[in-house]
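Participant: The structure that follows is given in the form of structure tokens.
Bear in mind that the values in this text are calculations on the coordinates, not laboratory data. Treat the numbers as computed from the prediction; the structure is a model and nothing was measured. Using ideal geometry, Cβ is built from the backbone for each residue, glycine included, and neighbour counts are taken over all protein chains shown.
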Amino acid sequence: MAIITKWSNVAVSVQSAIAATVNISAITNASPGVVTTGSAHGYSTGDYVLMTVSGMYQINYRVFRISAASGSTFTLEAEDTTNYGAFVSGTSQKLTFGTTLATLTTVNASGGDFAFIDTTTIHDAVKTQVPGLPNPSTYSFESIWDPADAGLIALKSASDSAAQRAVLFAFANSQKFVFNGYVGCSLSPTGSAQDLIKTAVVFTALGGPKAYSS
């Protein structure tokens, strides 16, 4: 039976700090991919890092958890890079998820579906198509409106400066979901008469999300 995951007792954390860049000299095409840095990186197993690379575009702008770290190498947990592009250059940055959101009430996800490429020829009697690129994932939340809430203040600041932020969902059954993207948060109050005042928060994923079973 599949593991059941509910939107209950979910911890939502947003990047509060990002460390200096560490230059990468190589990434293996393997399962899982192993990263070599130009010098000692200082990372530990369990750390989350933002990857910014060229060549191996499949991991560009994405967040990964480290499953092993030693000296100048670290492993991208559960990421099979065997058939990815050849690495050219790039950097990694350790993330700190120190901003906690405690006012979210509803969530709606969109995107992630695939655009289709028409492959029909003049010889076909029925149209044919293949999946193309996935559309970007978007997560829209309603939040209790509290202009003094530290989490909402941090999101408003990121939104105003059009800054990227990494977001981590930690579910009650220990599953994790993490992505890097942009934040939209105006802190404008909305709602109906005699109802709870709420405000909208939206996250748009950049480079694709990553899920972990624990």
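Participant: Using the crude model of +1 on Lys and Arg Cβ and -1 on Asp and Glu Cβ, and no other charge, please compute the dipole size for region 99-212 relative to its Cα centre, in debye to 20. Can you show the working numbers first?
Facilitator: Details: 6 positive and 8 negative charges, 57 e Å.
My answer is approximately 280 debye.
Participant: If one computes P(r) from the Cα atoms of the chain, what percent of pairs lie at distances over 27 Å? All intermediate terms of the calculation are to be shown ahead of the outcome.
Facilitator: Numbers: 9357 of 22791 pairs.
Taking all Cα-Cα pairs of the chain, the fraction more than 27 Å apart is 41 percent.
Participant: So, in the chain, how many Lys pairs have Cα atoms under 26 Å apart, if the pair is 8 or more places apart or on different chains?
Facilitator: Count of close lysine pairs: 10.
Participant: Which residue, D118, D160, D80, tops the fluctuation ranking in a GNM of the chain built on C-alpha contacts under 10 Å?
Facilitator: Greatest mean-square fluctuation among the candidates belongs to D118.
Participant: Name the trypsin sites (Lys or Arg not before Pro) in region 7-107 that are in a loop by DSSP and that have at most 14 other C-beta atoms within 10 Å, would you?
Facilitator: Values: sites: R62, R65, K94; in loops: none.
Nothing satisfies the criteria.
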